[in-house]
Amino acid sequence: MSEAPVLITGGAGFIGSHLADALLAKGHSVRVLDNLSTGKPANLPLGDSRLELIEGDVADATLVRQVMAGCRAVAHLAAVASVQASVDDPVSTHQSNFVGTLNVCEAMRELGLKRVLFASSAAVYGNNGEGQAIDEDTAKAPLTPYAADKLASEHYLDFYRRQHGLEPALFRFFNIFGPRQDPSSPYSGVISIFTERAQAGLPISVFGDGEQTRDFVYVGDLVQLLVQALEAPRVAAGAVNVGLNRATSLNQLLADIRSVLGSLSAVSYAAARPGDIKHSRADNRRLLERFDFPEPTPMAVGLARLLGR
Ligand code: NAD
Ligand code: UD2
């Protein structure tokens with residue numbers, strides 16, 4: 001009899017599909033629940049008989065329970081990942097970004113499942129900690145419905161840990177990049193936008209002077225961590241930042257893309273986006289204490305994979 005599958009909500013998306021690949025490569029079975037709002041079946045190895053894709057919504061409590069039955073653990077990644085979408089439509093994104101989490105918690109309690117990974121975000125810190133490495137105890141300042149839903153989800157998962165014995169591993173992702181990140185919106189991840197435009201020879205817009213920095217993590221490194229957190233005998237309480245404590249400016253990023261491609265399309269500098277954070281960098285001591293985080297993939301290598309070089 002084959003092993004009970006890991007359920008990945010949002011598994012047809014950017015990060016979820018890489019997690020599916022990594023779990024399959026380690027011999028696990030995978031069940032994906034995804035409403036295909038941004039995810040794509042083509043991101044998944046559908047020919048692999050150990051993978052099941054169920055199209056549906058995490059906001060549907062009955063469906064979540066049905067799909068979770070028979071699974072051994074959950075990676076809860078389903079969310080409307082666009083902050084701007086949450087600003088434009090707080091009511092509908094709340095269904096995915098918060099009610100979905102509550103449905104996952106309740107179904108786990110009813111079915112007796114314990115281990116769950118949650119994809120939270122550096123957005124929970126708002127502008128706090130800007131200019132220094134942000135540790136997990138930094139005051140939270142969720143400035144958008146997206147960030148508020150992520151922080152509330154963390155609190156609910158922690159309630160289910162204390163009250164019902166769930167074992168949530170809460171991760172606050174900084175800026176994740178890699179193949180399959182969708183570049184189609186102006187608010188998509190900057191690396192997905194810059195690399196897509198560079199490859200197509202289209203002009204690139206930098207908002208601000210390009211000296212703003214982010215802590216970029218290659219998706220392959222992130223999913224190794226997530227697999228570890230699923231397999232670990234136990235997980236400690238409290239959220240964990242996922243970043244490298246490394247600042248890369250957009251100007252440096254553009255130079256790296258130019259090195260990989262050998263040339264770069266025209267770059268123009270426009271006004272900074274209102275509310276844009278200048279510097280965001282993770283204090284990752286807790287990550288390194290609790291997990292065996294892999295040697296980070298160098299930016300040039302990650303970019304080369306993304307650019308198919
Ligand atoms: P993504 O949009 O590629 O993945 C999200 C997936 O969830 C998609 O496949 C989408 O179709 C699915 N989904 C959305 N709403 C759903 C619903 N109601 N029911 C079922 N499926 C639904 O984005 P991603 O970058 O892979 O993000 C994965 C998770 O990581 C999200 O929770 C996101 O908030 C979080 N996160 C990502 C980053 C980053 O840098 N990419 C940073 C912080 C947090
Ligand atoms: C990230 C998350 C966001 C939220 C936020 C919390 C992504 C895609 N966004 O926003 O969801 O969690 O962190 O702090 O993960 N830029 C350009 N040109 C472009 C696109 C972007 O200059 O065409 C700039 C942008 O103004 C910003 C930087 O690039 O200064 C990074 O932008 P981003 O949207 O990739 O990421 P961030 O950190 O602003």
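The values are calculated or read from the model by the stated rules, or taken from the named source; none is laboratory data. The shown structure was predicted, so the numbers you read here are calculated from the model rather than taken from an experiment. A quick note on method: Cβ atoms are made from the backbone with ideal geometry, for glycine too, and the neighbour counts reach across all protein chains shown.
Looking at the range 119-143, which of its residues are among the β-branched types (Val, Ile, Thr) and more than 17 Å from the chain's Cα centre (by Cα)? Steps first, answer last, please.
Step one: of the range 119-143, the residues among the β-branched types (Val, Ile, Thr) are 124, 134, 138.
The answer is ILE134, THR138.
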May I ask you to verify whether ARG273 is surrounded by 14 or more Cβ atoms within 10 Å (Cβ to Cβ), under 30 Å from LYS140 (Cα atoms), touching a residue at least 12 places away in the same chain (Cβ under 8 Å) and of a type in the set (Lys, Arg)? no
Per the list (1) more than 23 Å from TYR146 (Cα to Cα); (2) of a type outside the set (A, V, I, L, M, F, W, C); (3) within 16 Å of ligand 2 (Cβ to nearest atom), residue check on ARG65 breaks on (3)
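Please find, within the range 121-146, the residue that is nearest to ligand 1 (Cβ to nearest atom) out of those that are β-branched (Val, Ile, Thr) and in a loop (DSSP other than H, G, I, E, B). Steps first, please.
So in the range 121-146, the residues β-branched (Val, Ile, Thr) come out as 124, 134, 138, 144.
Okay, now just the ones that are also in a loop (DSSP other than H, G, I, E, B), so 138, 144.
Details: THR138: 16, THR144: 12 Å.
Among those residues, the one meeting the criterion is THR144.
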Only one of (1) within 10 Å of ligand 1 (Cβ to nearest atom); (2) assigned to a helix (DSSP H, G or I); (3) in the same structural domain as MET299 (by TED's automatic domain parsing) does not apply to THR195, and that is (1)
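Tell me, which helices (runs of 4 or more DSSP H) wholly within the range 72-120 include 1 or more residues that are crowded, with 24+ Cβ neighbours inside 10 Å? If you could, list the steps in order and put the result at the bottom.
Numbers: elements: 83-88, 90-94, 100-111.
Because the criterion is at least 1 residues that are crowded, with 24+ Cβ neighbours inside 10 Å, the helices (runs of 4 or more DSSP H) in the range 72-120 that meet it are 83-88, 100-111.
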